[in-house]
Amino acid sequence: MTHPSYAVIWREGGGPVRPGKLVLGPASLALETGAPGGRLTSWILRYADLASVEKAAGEQRIHNRPTAVLRRRDREPLAIAALEGLGSGHEIVERLAGLVPGST
């Protein structure tokens, strides 16, 4: 089974914006990006570890793109924005909100 994937940029808290790929699995998401030396780095985040997902407003948005803000328990929020167009950004927010209880 193929899982939906998107070209994205993301930012953890107030950190730098990183480019990569978002893959939405049945129980978790994966963020993949290149690392120094040409290595692929993958970061797995279980939906059960998220408190909520919401649509970003104003300064929370990354480069003024539709952005999903993932609220995590005991960690800074993670903001994810699609690079593939406005429709993809809204689709990411909707898909994640449907996978995480308590989301808007």
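The values are calculated or read from the model by the stated rules, or taken from the named source; none is laboratory data. What you are looking at is a predicted structure, and each value in this text was computed from that prediction instead of being measured. Virtual Cβ from ideal backbone geometry, glycine too; neighbours counted across all protein chains shown.
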Point to revise | Pair list, Cβ < 9 Å and 6+ apart or interchain, from region 64-90 residues that are closer than 18 Å to TYR6 by Cβ and in contact (Cβ under 8 Å) with a residue 60 or more places away in the chain to residues that are among the polar types (S, T, N, Q) and not in a loop (DSSP other than H, G, I, E, B) | key: ALA79/GLN60; ALA79/THR67; ILE80/THR67; ALA81/THR67; ALA82/THR67; ALA82/SER88
Review point. What do you reckon, is SER103 in a loop (DSSP other than H, G, I, E, B), among the hydroxyl-bearing types (Ser, Thr, Tyr), modelled with pLDDT under 90 and over 15 Å from ARG11 (Cα atoms)?
Key: yes
Check your understanding: Would you pick out the residues in region 47-67 that are assigned to a strand (DSSP E or B), within 18 Å of PRO26 (Cα to Cα) and of a type outside the set (Ser, Thr, Tyr)?
Key -> LEU50, ALA51, VAL53
Practice item. Would you please list the contacts, defined by Cβ atoms under 7 Å and residues six or more apart or on different chains, that run from a residue in region 1-20 that is touching a residue at least 12 places away in the same chain (Cβ under 8 Å) to a residue that is polar (S, T, N, Q) and part of a loop (DSSP other than H, G, I, E, B)? Key: none
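One line per residue, one yes/no per condition, for (1) surrounded by 15 or more Cβ atoms within 10 Å (Cβ to Cβ); (2) at pLDDT 90 or above; (3) in contact with a strand residue (DSSP E or B) (Cβ under 8 Å, 6 or more places away or on another chain):
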residue	(1), (2), (3)
MET1	no, no, no
GLY15	no, yes, no
VAL23	yes, yes, yes
ALA30	yes, yes, yes
ALA35	no, no, yes
LEU45	yes, yes, yes
ILE62	yes, yes, yes
Review point. Just to be sure, is ALA82 surrounded by 14 or more Cβ atoms within 10 Å (Cβ to Cβ), within 17 Å of GLY25 (Cβ to Cβ) and among the small types (Gly, Ala, Ser)?
Key: no
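Please determine, by comparing only the residues of region 6-39 that are out of contact with any Lys or Arg (no Cβ under 9 Å at 6 or more places or on another chain) and part of a loop (DSSP other than H, G, I, E, B), which one is farthest from VAL53 (Cα to Cα). Reasoning before the result, please.
Going through region 6-39, the residues out of contact with any Lys or Arg (no Cβ under 9 Å at 6 or more places or on another chain) turn out to be 14-16, 19-23, 25-26, 34-39.
Imposing the further condition that a residue be part of a loop (DSSP other than H, G, I, E, B) reduces the set to 14-16, 25-26, 35, 39.
Working: GLY14: 17, GLY15: 19, PRO16: 20, GLY25: 16, PRO26: 16, ALA35: 27, ARG39: 30 Å.
Ranking the qualifying residues of region 6-39, first place goes to ARG39.
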